[in-house]
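Have a look at the structure below, then the notes.
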Amino acid sequence: MSAALPLGENQTELARDARVERALAFALALPCLIVVALCVLIPCGWLFYLSAFGNDGSLSWENYERVSSGASYGRIFITTFEVSLLTVLACVGIGVPFAAFVNSLPPRVAGLFVAAVLLPFWTSLLVRAYAWLVLLQRNGLINTALIDMGLTEAPLDLAFNWFSTVLGMTHIMLPIFILPVLGAMRNIDPGMIRAAASMGASWGLTMRRVFLPLAAPGIIAGAILVFVMSLGFYVTPAILGGGNVQVISMRIARSLSNFSNWGAASALGVLLLLFTGALLALGLMAQRLILGARKGQDHA
Amino acid sequence: MLDGFQHSPLMTGLKWGLALLLVAFLAAPSFIVVPMSFSAGEFLQFPPQEYSLRWYRNFAGSITWTSAARASAIAAVLTTLIAVPIGVLAAYGVMQLGRRMRMLVGGLIVLPAVIPAILIAVGMFFVLARAGMLGTMAGLVLGHVALAIPVVFVVMTAAFSQFDFAQEKAARSLGASGVQVWARVVIPQLRGSIMASALLAFVTSLDEVVLSMFVSGGDNATLPKVMFASLRDQIDPTIAVVSTVMLAVATLAVVVMVRRGAVR
C-alpha cells in the first residue's frame, strides 16, 4: 500500500504473494503466447526477413522495387481495395437498416432474426462459395428464373466476375458486420427515440439526427472490421472471381507456387500486413476522433 | 412497434418483407447443397432432375475423399483438445493481470484472427519447411490451434468477466485446493461457455482452407484442401456431398450443444 506505512512482516509477505500471483497469471497465458509466437510472430518475421533479400542473396530493396514498379502489382492492390470497399458499402447499406429493424422488434422475435443471421456461420466458406457458383452459373437457378419471368432473353454472366466476388464476400461479412452494429444499437436508450417522437420529430428525422449518430461508433467499428478482413480474402475471390478478379492474397499464393519467387511473395505479404495495420490504426483513430468530438459537444 | 411512431401498415410490411428476403439470402447457400448432393446427374444442377445416392457412393469409394475426411476429423478433434484448455487458462490468467499487461497479452493472443490468413499460411509454410514438418499432422494442428485460440479466448474472456471471483476466494478459504476450486467451482459454472468455445474451435479447424492448402498434404490433406483443389479442376456433385456432410457435422454439433443447454 502506501510507502509511508512501515512495512511489517505481513505486508512484505502480501507483496510477494501478489507478485507470485501475477507471475502465475502470466504463466497461464504462456502456452497460448508460445503458439502465437510459433505460428504468427516467427512466420511473419520470416516474411520480413525473406523480403529483404534480392535474387543474388544480398540485402536489397529489389523485391519491393519490383512490386512497386510493376503495373500488374499496382492493379492488384487497387482491385483488392475496390473489392473490399464495395463489400463494406454493401454491408453498411444492407446491414444498418436490417439491424435497425431487428433492434425495433420485441426481444423474442429479434432473437429469431439473430439466430437466422448466425446460421451461415456454421457453413464453411468453401461450401458457400460453391453454392453461389451453382446459383449464379449460366444455367443456374437465378438465370433460369430470370428467363422464365421474361426479364432477360439470354442468360446473364453472373458468375466469375466482380459481381459474384462482392456478392460472395458480402454474404460472408454481413453476419460479422450485423452483430456488433446490433450490439451498439441495443445500447441506445429507447427513451431517446420516444422523446424525439413525442417532441414531434418525424421518423426519418429521428433516424437521421438521433438514432444513427448514436449508432455511428458501432457502425464504424463494424465497417473497419469488414474492410480489414476483406483485404485478406483468398478463397471467395479465387472461386467466385474465376481468375477475373485478382486480389493480393491470390497473387501471393501464385508467386509462392512457382518457387523461384519467394522474395516477391514475401514482399507482397509484408505490404499487405502494413496496409492492414495502417488501415486498422487509421480507422481506430477516426473512431476516437468522432467519439472525442461528441464528448466535446456534450460539455459545451 | 415500440418506438412511439405510428408506422403505416405498408411500411411495416415492406420492412418485414425486406428483412425476410435478407434472411433467405443468408440461408440459401447453406440449403441448396443438400438436395444437390442427392442428384443423379453428371453436372451441378439445382434443383436436380433426378435423385440418387450415386455421389455418396462415389465419395465413400474414393480414397482421396475418405482419407481427407479422416485427416480433417483428426485435426479438428486435436485442435479442440489443445486449443480449449490453453485458451481457457489464458483467458483466466489474463483477467488477473494489470491493465497494461492485459491489453498487451490479450492483443497478442487474438493476433491470429486479425492477420490475413494467407500471411500466416505462407509464413508457416516457410517455417515448417525449414523444420521439416511440412505435410505433417503436427504442423497442421499447430496452425489450427493458433487460429482457434482467439475464438476460445474471446468467448472465455466474456465468460470470466461475468464470473464472480469472490466464489473462488470463498472456496479457497473453506479449504479447497487450487485444483478443487477449478474442478468443483470454476469449470461447472462456465460449462456452457467452455462447450461453446470447443464447438467454435472444432468448426474453425474443420472449415479452415488457406492454411491447410499450404501446410497439409499427402495423407494429411484436409477436406477443405481437397475440395478447393477439385473446385478449380472439375466440378462434380461429389463436392455437394462433402458440403452436406460438413454441414451435417456442424449442425449436429450445434444441436448437441443446444440440447445440453450450452448455447443460448
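The values are calculated or read from the model by the stated rules, or taken from the named source; none is laboratory data. Only a predicted model underlies this, so the values are computations on that prediction, with no experimental measurement involved. When we count neighbours, we look across all protein chains shown, and the Cβ atoms used for this are built from the backbone with ideal geometry, even at glycine. In case anyone asks, the SASA skips ligands and DNA or RNA and just uses the protein heavy atoms, side chains included. Shrake-Rupley method; radii C 1.70, N 1.55, O 1.52, S 1.80 Å.
Kindly establish whether A:Val247 is under 23 Å from the mean Cα position of the chain (by Cα), in contact (Cβ under 8 Å) with a residue 40 or more places away in the chain and under 30 Å from B:Leu26 (Cα atoms).
yes
Anything in segment B:209-229 that is under 19 Å from B:Thr244 (Cα atoms) and open to solvent by 20 Å² or more (accessible area, probe 1.4 Å)? List them, or say none.
Correct list: B:Lys225, B:Val226, B:Ala229.
Can you name the condition, by its number, that B:Val127 falls short on among (1) under 29 Å from A:Ser255 (Cα atoms); (2) out of contact with any Pro (no Cβ under 6 Å at 6 or more places or on another chain); (3) buried (at least 19 other Cβ atoms within 10 Å of the Cβ)?
B:Val127 satisfies all of (1) under 29 Å from A:Ser255 (Cα atoms); (2) out of contact with any Pro (no Cβ under 6 Å at 6 or more places or on another chain); (3) buried (at least 19 other Cβ atoms within 10 Å of the Cβ) except (2).
Could you please find all residues in segment A:214-239 being part of a helix (DSSP H, G or I) and within 21 Å of B:Ala121 (Cα to Cα)?
A:Leu225, A:Val226, A:Phe227, A:Val228, A:Met229, A:Ser230, A:Leu231, A:Val235, A:Thr236, A:Pro237, A:Ala238, A:Ile239
Identify all residues within segment A:33-59 that are of a type in the set (Ser, Thr, Tyr) and open to solvent by 40 Å² or more (accessible area, probe 1.4 Å); write none if there are none.
A:Tyr49, A:Ser58
Do we have A:Ile78 as part of a helix (DSSP H, G or I), of a type in the set (Val, Ile, Thr) and away from chain B (no Cβ under 11 Å) here?
Criteria met by A:Ile78.
Of the numbered conditions (1) within 9 Å of chain B (Cβ to nearest Cβ); (2) modelled with pLDDT of 95 or more, A:Ala90 fails exactly one; give the number of that condition.
For A:Ala90, the failing item is (1).
For segment B:239-251, indicate whether the set of residues that are away from chain A (no Cβ under 14 Å), open to solvent by 20 Å² or more (accessible area, probe 1.4 Å) and modelled with pLDDT under 90 is non-empty.
Within segment B:239-251 (the criterion being away from chain A (no Cβ under 14 Å), open to solvent by 20 Å² or more (accessible area, probe 1.4 Å) and modelled with pLDDT under 90), the answer is no, since none of the residues qualifies.
Within segment B:224-238, work out how many residues are outside any loop (DSSP other than H, G, I, E, B) and at the interface with chain A (Cβ under 9 Å from one of its Cβ atoms).
Residues that pass the stated criteria total 5.
Which one of these does B:Met133 not meet: (1) over 16 Å from B:Ala83 (Cα atoms); (2) part of a helix (DSSP H, G or I)?
B:Met133 satisfies all of (1) over 16 Å from B:Ala83 (Cα atoms); (2) part of a helix (DSSP H, G or I) except (2).
Before we move on, is A:Ala221 away from chain B (no Cβ under 13 Å) and either basic (Lys, Arg) or out of contact with any strand residue (DSSP E or B) (no Cβ under 8 Å at 6 or more places or on another chain) (or both)?
yes
Would you check which residues across segment A:190-233 are more than 30 Å from A:Leu280 (Cα to Cα), out of contact with any helix residue (DSSP H, G or I) (no Cβ under 7 Å at 6 or more places or on another chain) and either among the polar types (S, T, N, Q) or in contact (Cβ under 8 Å) with a residue 60 or more places away in the chain (or both) and list them?
A:Ser198, A:Ser202
Just give me the residues in segment A:229-270 being more than 22 Å from A:Ser164 (Cβ to Cβ), among the polar types (S, T, N, Q) and at the interface with chain B (Cβ under 10 Å from one of its Cβ atoms), in sequence order.
Result: A:Ser255, A:Ser257, A:Ser266.
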